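The values are calculated or read from the model by the stated rules, or taken from the named source; none is laboratory data. The shown structure was predicted, so the numbers you read here are calculated from the model rather than taken from an experiment. A quick note on method: Cβ atoms are made from the backbone with ideal geometry, for glycine too, and the neighbour counts reach across all protein chains shown. Remember, those area values only see protein heavy atoms, side chains included, never the ligands or the DNA or RNA. Shrake-Rupley method; radii C 1.70, N 1.55, O 1.52, S 1.80 Å.
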Amino acid sequence: MPPDSLVFTNGSTPADSILTVSQLNRAVGALLEGHFARIWVKGEISNFTQAASGHWYFTIKDDRAAVRAVMFRGRAQTVGLVPRVGEQFEFRAVVTLYEPRGDYQLQIDTLRRAGQGDLHEAFLRLKAKLESEGLFDPARKRPIPTMPKAVGVVTSLAAAALRDVLTSFARRAPHISVVVYPAPVQGADAPAALVQALETAYSRAEVDVILLVRGGGSLEDLWAFNDEALARTVVASPVPVICGVGHETDFSIADFVADLRAPTPTAAAELSCAPRQALLEQTFEFHRALSRHQQRLLERLSMRLDRAMSQLVSPRQRLNQQREGLQSLAARLHRAARRNTELEAARLNLLKTRLNAALPSVARRRQELDRLTQRLAAVGSRQFRRPRARLEAAEQTLQALSPKHILARGYALVRDQNGVLVKNALDLNAGDRLLLELAQGAADVEVLKTRSLL
């Protein structure tokens, strides 16, 4: 029979079999798993280690012996607490052998505090029931508001947790109102009182988030927060609920159904709102950004105003420009007329010279002179008619651009109390007295409101 197919019955082995260490450990492991069904073992936890994988490795001991144990992540996540060194527990386990080292160990399925088996069993049953109904579903849970106006606290007035919460709010967010809904957090009457306090908070609708808090303690001390009615009341809350019960390693049903679990009451207060200083810094940053944006906007508008003002021409400036143009045209007309006169005089002198050279034919020359004189007069008339027409047109244009003519079209000259022309509405203030010069007469007016054209 090959060594790997050896069958051990009642601990006996074939006398002639030679086993490898691996075969021996495998056979011993099979014996242990076949001989021991799931068993309960009671002992104290030591050398506890939570690996990065989520598995728990620890030693279970009493006053005379110790045994290694492992609890895999899937099982550990259902416990609802993290064991601490020195605590007594009852473990349900399977006896196995770790073949690489030949060490036997307990593979833990579940655990409960020693002497609290019934409570732990009740905790697990209620946890499984509510989880099957979807009350632990993360999709059901609501986000916590970052800037609540008021926060409700459900706890005992004598609890240290209340002092921790109030101290945290006074330090981090003194601007937030805190409303306390008192209720006992321990004892047989505590679950009903906690439910009543939560319902009071719901009916008064005066807070944006509710903190359900209590300090640390044993499983019996925290048992009020494992109540089914309390769990369903937390689920029915119209506002988000943060549960901070016990220490970081303590878990309750209220932790699982709340919108957010906090490891401690102080952490619950810190998670319920943003620090006042951080909000102030954020507000100051928004203010600085808004100021920079407003400054850039004003600069752009100022540049637009400057460009618009540079393109505007006052009536006085336009009249001056047209007057200068008219004077230039008149000077050109005068120079042209003088040149024409000089040219005609030169021609006349030339004709006189020719006439003198042709004196023997006085009558004919006289006739020619008369004809030339008439031509000269006609040419002079034509030469002067065109500049005169241009001069008359320029005079008409000047007349059309005259301030009096513009006033006749419905415009007015605006002068302040000192008689200075007003060019910009932004130079005026409400209540200023002005003088309006119209085409026919003048009028005193008072400024009611000013506005820009842009």
Straight-line reach check, LYS404, cutoff 13 Å on alpha carbons, 8 or more apart in-chain or any other chain, hits among aspartates and glutamates -> GLU437
Rounded to one decimal in nm, the spacing of the 7 Å Cα→Cβ label points at ARG451 and LEU343 is 6.1
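Among the trypsin sites (Lys or Arg not before Pro) within the stretch 47-77, which fall in a DSSP loop and have no more than 11 other Cβ atoms within 10 Å of their own Cβ? Display every interim value, and only then the final one.
Details: sites: LYS61, ARG64, ARG68, ARG73, ARG75; in loops: ARG64.
For trypsin sites (Lys or Arg not before Pro) across the stretch 47-77 that sit outside H, G, I, E and B with at most 11 neighbouring Cβ atoms in 10 Å, the list reads ARG64.
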Is it possible to state the helix-based mean residue ellipticity at 222 nm for the chain, with each DSSP H run of 4+ residues giving -39500 (n - 2.57), the sum divided by total residues, to the nearest 500 deg cm²/dmol? What is it? -15500 deg cm²/dmol
Fraction of the pair-distance distribution of the stretch 70-125 above 19 Å, Cα-Cα pairs, percent: 33
So who's got an amide H within less than 5 Å of the one on VAL153, skipping anything under 5 residues away but keeping other chains? H placed 1.01 Å off N, in plane. VAL179, VAL180, TYR181, LEU211
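About the Cα centre of the stretch 214-331, what is the dipole size in debye to 20, counting +1 per Lys and Arg Cβ and -1 per Asp and Glu Cβ, all else neutral? Before the final figure, lay out the partial values.
Working: 13 positive and 14 negative charges, 380 e Å.
Once rounded to the nearest 20, the dipole reads 1820 debye.
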Whole number in Å², please: accessible area per residue of the stretch 382-448, 1.4 Å probe, ligands, DNA and RNA not counted. 76
Give the angle, between 0 and 90 degrees and rounded to the nearest 10, that separates the Cα long axis of helix 315-357 from the longest principal axis of the Cα atoms of the chain. 30
Between ILE18 and GLN282, 0.36 nm times their residue separation minus their Cα-Cα distance comes to what? 87.3 nm
Dipole of the stretch 200-330 (Lys/Arg Cβ +1, Asp/Glu Cβ -1, origin at the Cα centre): which of SER302, HIS247, GLY216 lies farthest to the positive side? SER302
If each K or R counts +1 and each D or E counts -1, the residues other than ALA188 whose Cβ falls under 14 Å of its Cβ total -4
If R0 = 22 Å, then GLU220 and SER46, at their Cβ-Cβ distance, give a FRET efficiency to the nearest 0.05 of 0.35
Phi-based couplings in Hz for the stretch 130-135 (Karplus 6.51, -1.76, 1.60; Gly and Pro marked x): 5, 5, 5, 7, x, 6
Positive-end extreme of charge dipole, the chain - chosen from ALA425, VAL151, THR200 (charges on Cβ): ALA425
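Quick check: at a probe of 1.4 Å, how many percent of the accessible area of the chain sits on carbon and sulfur atoms? It would help to have the intermediate numbers written out before the result.
Values: 15300 of 28340 Å².
Answer for the chain is 54 percent, counting heavy atoms of protein chains only.
Counting only other residues whose beta carbon sits under 13 Å from that of ALA377, what net charge do I get with K and R as +1, D and E as -1? Mind dumping the intermediate values first?
Working: positive: ARG347, ARG371, ARG375, ARG382, ARG385; negative: GLU344, ASP370.
Result for the neighbourhood of ALA377: +3.
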In debye, nearest 20: dipole of the stretch 327-454 around its Cα centre with unit charges on the Cβ of K, R (+) and D, E (-)? 1380
Residue by residue, what Karplus-based ³J(HN,Hα) values in Hz, rounded to whole numbers, does the stretch 298-309 have, using 6.51, -1.76 and 1.60 with θ = phi - 60° and x for Gly and Pro? 5, 5, 5, 5, 5, 5, 4, 5, 4, 5, 5, 5
Cα-centred dipole magnitude for the stretch 103-164, charges only on beta-carbon of K, R (+1) and D, E (-1), debye, nearest 20: 440
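Using a Förster radius of 60 Å, what is the FRET efficiency between ARG388 and HIS293 based on their Cβ-Cβ separation? Nearest 0.05, please.
On the way: r = 64 Å, r/R0 = 1.07.
Efficiency computed from Cβ-Cβ geometry: 0.40.
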Sites ALA30 and VAL85, calculated FRET efficiency, Cβ-Cβ separation with R0 35 Å, nearest 0.05: 0.60
Expressed in nanometres to one decimal, the distance between label points 7 Å along Cα→Cβ at VAL379 and LEU126 is 13.0
Would you mind checking which residues have amide H under 5 Å from GLY217's amide H? H placed 1.01 Å from N; only 5 or more apart, or other chain. HIS247
Just flag the GluC sites (Glu not before Pro) in the stretch 76-150 sitting in loop per DSSP whose Cβ has no more than 15 other Cβ atoms within 10 Å. GLU87, GLU133
Each label point is 7 Å from the Cα along the Cα-to-Cβ direction; what then is the distance between the points at SER302 and VAL94, in nm? 8.2
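Just add up the charged neighbours of GLU248: K/R +1, D/E -1, any other residue whose Cβ is under 12 Å from the Cβ of GLU248. Mind showing how you got there, number by number?
Working: positive: ARG84, ARG261; negative: ASP250, ASP255.
Charge balance near GLU248 sits at 0.
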Output needed: percent of Cα pairs per 5 Å distance bin for the stretch 46-154, bins running from 0 to the one holding the longest distance. 2, 9, 16, 19, 16, 12, 9, 8, 5, 3, 2, 1, 0
In whole Hz, what ³J(HN,Hα) sequence does the stretch 149-155 give by Karplus (6.51, -1.76, 1.60; θ = phi - 60°), x for Gly and Pro? 7, 9, 10, x, 10, 9, 5
